[in-house]
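Some notes on the structure that comes next.
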Amino acid sequence: MSFSLHSRRGWWLLRLCGVLVVVGAVVSTGSSPANAQDSPGDSVPGDVSIHVVQAGETLESIASAYGVSAEMVRLVNNIDGLADPEVGQRLVIPIGGATSESLQVQPVVAGIGDSLEALAKRHGGSSVALAQLNGIIAPDHLLVGQTLQVPSAAGSPDESMGLIRLGRGDSILRVALRGNANLSALLQLNGLPSPFLALPGELIDVPGSQEPDRVMFDPWVSVSLHPVPLEPGRSGGVVVQTAGPGTLTGSFGTNQLTFVSDEAGTTHQAVFGVDRWTEPGIYPIAVQFEDANGRSWVLARNVVVESGNYGSEVIRLAPDTAELLADEQSIAEENFYIQSSMSGFSLEKSWDGLFLLPATGVMTSAFGTARTYSGGPQLYAFHSGTDFAGPIGTPVIAPADGVVVDTGILDIRGFVTIIDHGRGVYTGYWHQSSILVNPEDVVTAGQQIGAIGNTGLSTASHLHWEMWVGGVQVDPLQWVREEFP
């Protein structure tokens, strides 16, 4: 018999498999430990031992007798805290000198709504053991985007199990009634001798639950952040569900998050950009919810920001083109125009799903690349968009629905078009040879809006595609690969 580490419910699984455990005995898959030889036991095929705790034994002494770590015994048996097991308690002991190093594990990235308690419930083990396994000294403060090692049980958590945190006025009896579950089985599964011992705030397993997992405390139903970890120069999306209607505000680092709520006031969404020059490290993210009665709650977490791994390049300019870089005032005025035109906010969301590529052609320069220009001063600290090479006249299309903000010609950027996609998301198209739309036009995804050209500060025919989210320049290709709320 092979025992899965996936469950705190090892004893019940063993009972279901027909394994008989004799009270006061050690049932072992191999030789019993030296200090357990006096206890009679029956051999059970497999790779675990079942130890029945005797008077005077501690978790450390039991683990030592079997040549495993106390942390491993806690992990396998879902023993929280530092208390010793009770006399008569049956412990599953992995044999073969198993340690946290030899335990089969898989990586899991912690989300903004995750906790060690919830991860332990999903993947097996205890929150204390998971903290020890991952060297976490502050279990209540997981880093969002942190990679944790959890016990690997068939490669994934038990999809048949649901997790529900009891709220105010809720009880395990009501959970059983809502899910048409057997109350006795539910109590056994969660190690509860009585339904009255399941208090509000406790996280319980509910097999076959049709309710979505709810592992957070009121008023938070769920909070998700995508992607994790974050990267400089890229976008993030936050979706928050609350138990009741209200308004939501938030912040990431020093930037404010603007949330848009649905008609019921219980689902709240925001997108934001992470500045290209953000140093890799840990940054705070917080959301504050206020209900109709003026009560407020704050959820604060720390988020991992990893390196964007950007490269660098040198752009060689002809002498006459390089002269454009010498007029610092014109450059500053043009930059201000772009920033002010692409930093607004409208409630209506125009995009649906992934963005399209705005043109066919070879990508010649990626977003975020550090740039220097020969023959003149540095114009941009980094390349603020993505370049696509193509013959003059190649169609430029709208990658998503939106409203044209402005069109025109600029010294550096040539013929430009700016589109507002709603909720602080803007795209821009530089160096075009022609423009086929006008300000205030409503455009749809795939509609031609212009043509590739070589106008402005350009060394060859190409399209420069730029995106701003929440007033921050971000990588537009991320929106081609990933969906945002």
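If you go through the range 279-316 and keep only what is of a type outside the set (A, V, I, L, M), assigned to a loop (DSSP other than H, G, I, E, B) and either over 23 Å from Glu483 (Cβ atoms) or over 19 Å from the mean Cα position of the chain (by Cα) (or both), you end up with Glu279, Pro280, Asn293, Gly294, Arg295, Ser307, Asn309, Tyr310, Gly311. Among residues of the range 39-60 being closer than 13 Å to Leu91 by Cα and not in a loop (DSSP other than H, G, I, E, B), the one that is modelled with the lowest pLDDT is Val48. Is it true that Ser343 is part of a helix (DSSP H, G or I) and either on the phi < 0 side of the Ramachandran plot or in contact (Cβ under 8 Å) with a residue 40 or more places away in the chain (or both)? Here the answer is no, as Ser343 does not meet what is asked.
Can you run down the residue pairs with Cβ atoms below 6 Å, 6 or more apart or on separate chains, where the first is in the range 266-277 and closer than 16 Å to Phe367 by Cβ and the partner is of a type in the set (D, E, K, R)? As it stands, the answer is Val274/Arg234, since those pairs meet every condition given.
If the condition is being modelled with pLDDT under 70, closer than 17 Å to His123 by Cβ and assigned to a loop (DSSP other than H, G, I, E, B), then the range 79-101 contributes Asp80, Ala98, Ser100. Counting residues in the range 272-288 that are of a type outside the set (Ser, Thr, Tyr) and over 30 Å from Gly368 (Cα atoms) gives one or more.
Screening Val416 on (1) touching a Leu at 6+ places or on another chain (Cβ under 7 Å); (2) at pLDDT below 95 shows it passes everything except condition (2).
Inspection of the range 201-221 finds no residue satisfying the criterion of being touching a residue at least 12 places away in the same chain (Cβ under 8 Å) and closer than 18 Å to Arg423 by Cβ.
Within the range 443-471, residues that are closer than 18 Å to Ile315 by Cα sit with their Cβ atoms under 9 Å from residues that are acidic (Asp, Glu), at 6+ positions apart or across chains, in these pairs: Gly456/Asp411; Leu457/Asp411; His462/Asp387; Leu463/Asp387; His464/Asp387; Trp465/Asp387.
Just to be sure before I move on: is Ala398 touching a His at 6+ places or on another chain (Cβ under 8 Å) and either buried (at least 18 other Cβ atoms within 10 Å of the Cβ) or touching a residue at least 60 places away in the same chain (Cβ under 8 Å) (or both) in the structure I sent? In short, no.
The residue of the range 352-399 that is farthest from Ala460 (Cα to Cα), among those that are at pLDDT 90 or above and touching a helix residue (DSSP H, G or I) at 6+ places or on another chain (Cβ under 8 Å), is Leu354.
The values are calculated or read from the model by the stated rules, or taken from the named source; none is laboratory data. Treat the numbers as computed from the prediction; the structure is a model and nothing was measured. Neighbour counts are summed over all protein chains in view; Cβ atoms, including those assigned to glycine, are modelled from backbone coordinates with ideal geometry.
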